[in-house]
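Participant: One structure follows; several queries about it will come next.
The values are calculated or read from the model by the stated rules, or taken from the named source; none is laboratory data. From a predicted model like this one, the values you see are computed outputs, not experimental measurements. Counting neighbours? That spans all protein chains shown, and the Cβs are built from the backbone with ideal geometry, glycine included.
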Amino acid sequence: MSSMWQLGGLTWKELARRIWREILDDDVFGRAAELSFYLLLALFPLLIFLTSVIGLMMDAGNGLRSRLFAYLSQILPGSAFHLVDSTIAEVTAASGGGKIAFGILAALWAASSGMGAITEALNAAYGVKETRPWWKHRLTAVLLTVALSLVIISALVLLLYGGKITDYLALHYGLGTLFRITWKILVWLIVLAFMLFGFALVYFFAPNVRQQKWTWITPGSVIGVALWLLVSFGFRLYLHFFDSYSKTYGSLGAVIVLMLWLYLTGAAILIGGEVNSEVENAAANAHSPDAKKKGEKTPDQRGRLDKGRTSQSTA
């Protein structure tokens with residue numbers, strides 16, 4: 001494909017109509033509910049892995065950990081964040097020094113289970129079955145988890161030290177307020193680029209498809225990130241005015257809220273995958289040589305099938 005942003009020759013309206021049909025056909029919301037269970041099991045190990053790696057890699061580990069949870073508190077609903085924060089604090093306090101190395105590896109292994117579940121769901125979006133060996137499938141999930149962890153840590157470092165860098169440059173080079181404001185806006189744009197890059201990594205490496213052309217920013221990653229931010233802040237705003245879960249479920253209210261947020265997160269990820277899949281499917285139907293139809297793992301798979309049909313009709 002020359003560019004995914006040509007949408008395979010579709011208009012945005014046509015693409016939206018097809019995406020909605022694929023969402024229903026692939027039972028995206030049902031798969032998101034299934035995915036939320038695996039994400040719940042993977043969330044705490046992922047946070048433990050992140051905080052452990054931050055502490056081992058950098059002297060400013062406490063500052064980065066505080067910044068991580070500060071931004072997490074802005075995305076997660078209040079009750080869900082308090083549940084996550086208190087659980088991580090308890091687990092961290094109960095871990096002795098001799099358990100750190102084993103704990104990091106165990107946390108990474110458990111966190112990668114969530115990525116494995118995302119892989120299975122994205123395979124459904126592309127209409128393919130998982131045929132990779134078990135070890136390769138698991139290794140891909142582990143490496144993607146590590147890569148996303150590095151993306152998160154890099155964004156946190158930028159946010160933590162970006163202000164200090166701005167102050168240093170402004171002080172030593174006599175730069176004014178405009179520079180500070182511009183730099184702060186630029187930092188948040190870079191963080192947004194990190195998020196898009198993380199989604200693009202998942203959409204590129206997780207599904208069991210091959211011979212893909214790497215694209216830094218895809219329509220699916222943009223829509224996935226936008227939906228995730230929208231549902232996160234929208235759900236948080238809804239709970240601010242209409243939080244009845246604690247009254248209905250008591251102490252389980254925070255768990256229910258966290259599960260709902262993970263459900264919405266999973267739906268955003270899967271819809272982004274559906275967008276990329278449908279764009280490539282439309283490009284393949286428009287006879288783009290390096291695009292795959294839904295259900296195909298490689299672009300040349302369609303060519304082999306067409307040749308087979310031609311030879312059979314000739315015979």
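Participant: Can you find a residue in region 255-267 that is under 20 Å from Glu120 (Cα atoms), at pLDDT below 90 and touching a Gly at 6+ places or on another chain (Cβ under 6 Å)?
Facilitator: No, region 255-267 has no match at all.
Participant: Continuing with this model, one more query. Filtering region 53-63 down to residues that are surrounded by fewer than 21 Cβ atoms within 10 Å (Cβ to Cβ) and part of a helix (DSSP H, G or I), which residue is modelled with the highest pLDDT?
Facilitator: Val53
Participant: Checking Lys136 against (1) more than 16 Å from the chain's Cα centre (by Cα); (2) at pLDDT below 80, which test does it fail?
Facilitator: Only one criterion in (1) more than 16 Å from the chain's Cα centre (by Cα); (2) at pLDDT below 80 is unmet by Lys136, namely (2).
Participant: May I ask you to list the residues in region 277-291 that are touching a helix residue (DSSP H, G or I) at 6+ places or on another chain (Cβ under 9 Å) and modelled with pLDDT under 80?
Facilitator: Within region 277-291, Ser288, Pro289, Asp290, Ala291 qualify.
Participant: Next up: Within region 22-34, how many residues are assigned to a helix (DSSP H, G or I) and either within 14 Å of Gly272 (Cα to Cα) or in contact with a Leu (Cβ under 6 Å, 6 or more places away or on another chain) (or both)?
Facilitator: 6
Participant: Exactly one condition in (1) in contact with a helix residue (DSSP H, G or I) (Cβ under 8 Å, 6 or more places away or on another chain); (2) on the phi > 0 side of the Ramachandran plot is not met by Gly174; state its number.
Facilitator: So the condition that Gly174 fails would be (1).
Participant: Of (1) modelled with pLDDT under 85; (2) in contact with an Asp or Glu (Cβ under 7 Å, 6 or more places away or on another chain); (3) charged (D, E, K, R); (4) part of a helix (DSSP H, G or I), Lys213 satisfies all except one. Which?
Facilitator: For Lys213, the exception is condition (4).
Participant: While we're looking at this one, here's another question. Which condition does Met1 not pass, out of (1) part of a helix (DSSP H, G or I); (2) modelled with pLDDT under 85, if it passes all the others?
Facilitator: (1)
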